[in-house]
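Notes follow once the structure below has been shown.
The values are calculated or read from the model by the stated rules, or taken from the named source; none is laboratory data. As the structure is a computational prediction, the values presented were derived from the model and not from experiment. Note that we place each Cβ from the backbone using ideal geometry, even for glycine, and neighbour counts take in every protein chain shown. Accessible surface is based on the protein model in full, side chains and every heavy atom, while ligands, DNA and RNA are left aside. Shrake-Rupley method; radii C 1.70, N 1.55, O 1.52, S 1.80 Å.
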Amino acid sequence: MTVTIKFQKPDGTPIASFPGEATMWISQTAKNHGIDFPTSCGVGACWVCRCKILSWHEYIQIDKISPPMRTLERNEDGSFKEFFACIGWVTQEAVKDKANHDVILEKNM
Ligand code: FES
């Protein structure tokens, strides 16, 4: 595993850190690591799980089968500035990459 998901508050205070997985939504991965991550609808509609992506935004993907029901902000290159953790996960490319990457996500929780 070469990707570490790091959650922090808007003021930069660390919340949690755990290995990213390409086969599971980030909200579920967080819960599997004992983090009380807030979710509600589970389909990208309610904004409860919305996170800002502070680093390695190109390593986050959104479920293509069940796209978000709300529009998310994007960067100029088309990558996401924010995402819904209930339908977002780490890309396969990120997990296969030999280098270590910290995907830093901002969440007020
Ligand atoms: S839980 Fe509702 S948008 Fe993710």
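The helix-only estimate of mean residue ellipticity at 222 nm for the chain, built from DSSP H runs of length n ≥ 4 each weighted as -39500 (n - 2.57), is -2500 deg cm²/dmol after division by the residue total.
Normalised by the number of residues in the chain, the mean separation of alpha-carbon contacts (under 8 Å, six or more apart) gives a relative contact order of 41 percent. Note on segment 3-106: with neighbouring protein chains present and a 1.4 Å probe, carbon and sulfur make up 50 percent of its accessible heavy-atom surface. Per residue, the accessible area of segment 3-106 comes to 55 Å² when a 1.4 Å probe rolls over the protein heavy atoms. Amide hydrogen proximity for HIS101: with H placed 1.01 Å from N in the peptide plane, the residues at 5 or more positions away or on another chain lying under 5 Å are VAL3, THR4. Rounded to the nearest whole Hz, the Karplus-based 3J(HN,Hα) values (6.51 cos²θ - 1.76 cosθ + 1.60, θ = phi - 60°) of segment 49-65 follow the sequence 9, 4, 10, 8, 9, 9, 8, 6, 4, 5, 9, 10, 10, 9, 3, 7, 6, with x at glycine and proline. For the chain, set up a Gaussian network in which alpha carbons nearer than 10 Å are linked by springs, and say which option among GLN28, GLN61, GLN92 fluctuates the most. Among GLN28, GLN61, GLN92, the largest mean-square fluctuation in the Gaussian network model of the chain belongs to GLN92.
Its Cα centre serving as origin, the chain has a Cβ charge dipole (Lys and Arg +1, Asp and Glu -1) of approximately 220 debye.
Over the C-alpha trace of segment 3-106, radius of gyration and Dmax come out as 12.5, 36 angstrom. Residues whose amide H lies under 5 Å from that of ALA45, counting only those 5 or more places away or on a different chain, are MET69; hydrogens are built 1.01 Å from N in the peptide plane. In this structure, the amide hydrogen of GLU82, modeled 1.01 Å from its nitrogen in the peptide plane, lies closer than 5 angstrom to those of ILE53, GLU73, counting only residues at least 5 positions away or on a different chain. Cross-link partners for LYS9 among the lysines, with Cα-Cα distance under 25 Å and sequence neighbours closer than 8 places in the same chain left out: LYS31, LYS52, LYS81, LYS107. All other residues whose Cβ lies under 14 angstrom from that of ASP102 are scored, Lys and Arg at +1 and Asp and Glu at -1, for a net of -2.
If you plug the beta carbon distance of MET24 and LYS64 into 1/(1 + (r/R0)^6) with R0 = 22 Å, you get a FRET efficiency near 0.90.
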